[in-house]
């Protein structure tokens, strides 16, 4: 433990912490722009400078480690002026078009400009006029607003291991961009949107599709059907000042009906369906020896894109099961359309997702049109959905709960934990156990696969048979697991694992690239706790016990991995170049 | 490696150099220098090849390539014209020479003429400030250059 002083107040803190953390301990907030707790300190912006007592030197609180007997001044008249100057300099290269910016009201730079009472711009204004990169269907890069804090570059490289973004050029002319002046869509970008979730300003943001949604609900010829992803229900409340992790499922259903949606379904139903298909596929691989071991989950479109580019040799290991969103889309325009006697051509299928990659997934290949139409027509992120609700005058925080519609709206607890790291694994184990043994698990809480470590491994005892499992989240963490598999394969050794779950974003979809801003590990933890609470409160905990799941197999799909399932619910993968051009 | 030689045109010496430096820290700039020495610039294809040989992301290579003015991303002309824009030459009218050459050849700084004959770049100090303003064409130095001398100097290399 290190003993030091912040503004004269004694602080005891673990060695290796930074001054920001020490200040937090005594309820002092030091302003930061480039620093983000998910990332190593970068010391780019200079806003967090503090004074060391009896020293003329200024320290950057994000990068300076705590030292025994260190005494730090975090706020005084001089530091106030320095910070104000830093802000004025940043603002001299940043457009003042806040009113039409996607980050209006959530921008970190705007917040500091307000707090520091910036009223004048004393420095020469020098803006760039570089064009926006709108090449992907997921995220937009606007270089004119970039403050070169470097968060996106660090996220893309360190957290995600993707290396789509890099600082290109130097000095004034530096831009954040893919290599060789390529547009994002031709780069290795996996569309995870973590850059947009970490950008402090409006330089990287989700492609806004709310207008298309409004157009659909106001079109009387369209039958608008909406599904919501597991992670949305524990994050949306943050946009309405509800405590982090509040479960708002019933309020979301209610809000959707007020928005004018015709049917309110739930991606969670198809998460259960995914477990039936993927779980059966796993049992088949384990018991018949047909298909590669380990089986790797394929729900995450950013991960799928990454695998196709960086690890195409793992294609045989990928579960052929589509993501829950795409399954839900396919059965919406087939099973539901038949049941409700609606022409699928008139159905407009919308998905509310915590994820920007989902916007890309809906047209990633021809398998996404299994119903004969676009299985999902539109994806809105949690952030877009929050804006829509606000603009529609719906007092979300106090709405009454409503149920989802039948026949593809009911879900088991296993489905809702798809939104967090380890959740798909846990849900799959619950059902695979029953598929293998014919018995129900005595305790469905598989705590061994829970937690926040980037890579977690363990063994699950299925009546004497040891099933080796591994979970990875945060795309950069996956390489250790995949290298293990590769080297076992090259040596002809037994695979180190039977089943692997991968989610591209740290914490899983709860911290997806389309979720409310300011996500940290603390917030991830609270959202995950919300999902486990939702699971525990569920009437059914296991996917195979969901009555609507039983019904869809009895009435429509016959059985998991049936011909119809294969056509609608499964997909294929293709090796792709890391750079398209 | 033979594929890199045949398809990418990397010489045996270059391949040996990269192989030797592959695992040494701080190797990237040195390797890129050698690639540019061999080709006169670093093409996308060469950058891809270096990325593959060193097993590093292409983005990291472009981060370095775009940071240092020394590295050229486009193939220079048959005759590369360098106009000094260091302090002395700048004060003595280096920029005016650049503008005039732009007009005469119809290209921009860092550009190449359509026929691939000439390229133009601004450089910092050639080391003979006493002759300011200075320019070089294909390595030949011209001092105390005036605008009206430019057509003659250029045509010398035609």
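The values are calculated or read from the model by the stated rules, or taken from the named source; none is laboratory data. All values derive from a computational prediction rather than experimental measurement. No Cβ is skipped: glycine too gets one built from the backbone with ideal geometry, and neighbour counts run over all protein chains shown.
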Checked against (1) surrounded by 15 or more Cβ atoms within 10 Å (Cβ to Cβ); (2) more than 15 Å from the chain's Cα centre (by Cα), residue B:84 satisfies every condition except (2)
State all residues of the range A:137-152 that are outside any strand (DSSP E or B) and either surrounded by 24 or more Cβ atoms within 10 Å (Cβ to Cβ) or in contact with a helix residue (DSSP H, G or I) (Cβ under 8 Å, 6 or more places away or on another chain) (or both); if no residue qualifies, say none. A:137, A:138, A:145, A:147, A:149, A:151, A:152
Complete set of residues in the range A:394-421 that are surrounded by 24 or more Cβ atoms within 10 Å (Cβ to Cβ) and in contact with a helix residue (DSSP H, G or I) (Cβ under 7 Å, 6 or more places away or on another chain): A:408, A:411, A:412, A:413, A:414, A:415, A:416, A:417, A:418, A:419, A:420
Single condition residue B:117 does not satisfy, out of (1) touching a strand residue (DSSP E or B) at 6+ places or on another chain (Cβ under 7 Å); (2) loosely packed, with under 14 Cβ neighbours inside 10 Å: (2)
Cross-chain or 6+ apart pairs with Cβ under 9 Å, the range A:428-440 first and assigned by TED's automatic domain parsing to the domain that holds residue A:270 and in a loop (DSSP other than H, G, I, E, B), then modelled with pLDDT under 95 and surrounded by fewer than 17 Cβ atoms within 10 Å (Cβ to Cβ): A:439/A:463
If you take the residues of the range A:551-581 that are within 14 Å of chain B (Cβ to nearest Cβ) and modelled with pLDDT of 95 or more, which of them is nearest to the chain's Cα centre (by Cα)? A:578
Any hit, the range B:48-64, residues being under 30 Å from residue B:150 (Cβ atoms), without any contact (Cβ under 8 Å) to a residue 60 or more places away in the chain and surrounded by 14 or more Cβ atoms within 10 Å (Cβ to Cβ): no
Count of residues meeting criterion [touching a strand residue (DSSP E or B) at 6+ places or on another chain (Cβ under 9 Å) and within 17 Å of residue A:562 (Cα to Cα)] in the range A:291-323: 4
All positions within the range A:164-188 that are part of a loop (DSSP other than H, G, I, E, B) and either more than 9 Å from chain B (Cβ to nearest Cβ) or surrounded by fewer than 24 Cβ atoms within 10 Å (Cβ to Cβ) (or both): A:169, A:170, A:174, A:182, A:183
Considering residues that are under 21 Å from residue A:46 (Cβ atoms) and touching a residue at least 12 places away in the same chain (Cβ under 8 Å), the number found within the range A:104-116 is 8
Can you tell me which residue is surrounded by the fewest Cβ atoms within 10 Å (Cβ to Cβ) among those in the range A:356-380 that are touching a residue at least 40 places away in the same chain (Cβ under 8 Å) and more than 16 Å from residue A:209 (Cβ to Cβ)? A:365
Quick check on this structure: which one of A:22, A:44, A:63 is part of a loop (DSSP other than H, G, I, E, B), at pLDDT 95 or above and not assigned by TED's automatic domain parsing to the domain that holds residue A:111? A:63
Please work out if residue A:195 is within 18 Å of residue A:148 (Cβ to Cβ), within 14 Å of chain B (Cβ to nearest Cβ), buried (at least 24 other Cβ atoms within 10 Å of the Cβ) and under 18 Å from the mean Cα position of the chain (by Cα). yes
From the options A:387, A:383, residue that is surrounded by fewer than 21 Cβ atoms within 10 Å (Cβ to Cβ), outside any loop (DSSP other than H, G, I, E, B) and at pLDDT 95 or above: A:387
